[in-house]
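**Q** First, the structure itself, so that you have it in front of you.
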């Protein structure tokens with residue numbers, strides 16, 4: 001379990017290959033790896049499905065890389081860093 005200074009937490013479950021397969025936070029949200037990406041649930045209600053290149057934990061940080069190259073990192077200290085996509089859209 002990853003605990004943050006603001007009192008929230010994330011619990012990460014892994015598949016047999018050591019990749020995250022489920023993330024549950026203390027606010028009642030969970031993300032489950034399904035098919036080509038991750039499905040978000042609040043309680044038993046499906047809220048959406050998104051395709052990610054990678055979702056991994058390193059040293060307590062949760063790193064999410066979107067298909068367009070944007071990255072969101074939730075650091076162990078609770079701070080979220082967002083790096084916009086560096087890819088340009090085709091004209």
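The values are calculated or read from the model by the stated rules, or taken from the named source; none is laboratory data. Remember, predicted model here, so these are calculated numbers, not experimental data. Ideal geometry is used to build each Cβ from the backbone, glycine not excepted, and the neighbour counts take in all protein chains shown.
**Q** Could you tell me which of the residues 63, 55, 82 is surrounded by fewer than 13 Cβ atoms within 10 Å (Cβ to Cβ), assigned to a strand (DSSP E or B) and at pLDDT below 90?
**A** One residue alone meets the criteria, 82.
**Q** I'd like to verify a number: residues in the stretch 15-47 that are part of a strand (DSSP E or B) and modelled with pLDDT of 90 or more, how many? Before you say what the answer is, go through the steps one by one.
**A** Looking only at the stretch 15-47, we keep the residues that are part of a strand (DSSP E or B), and these are 20-25, 29-34, 37-42, 45-47.
Still in the list and also modelled with pLDDT of 90 or more: 21-25, 29-34, 38-42, 45-47.
Summing the residues that are part of a strand (DSSP E or B) and modelled with pLDDT of 90 or more in the stretch 15-47 gives 19.
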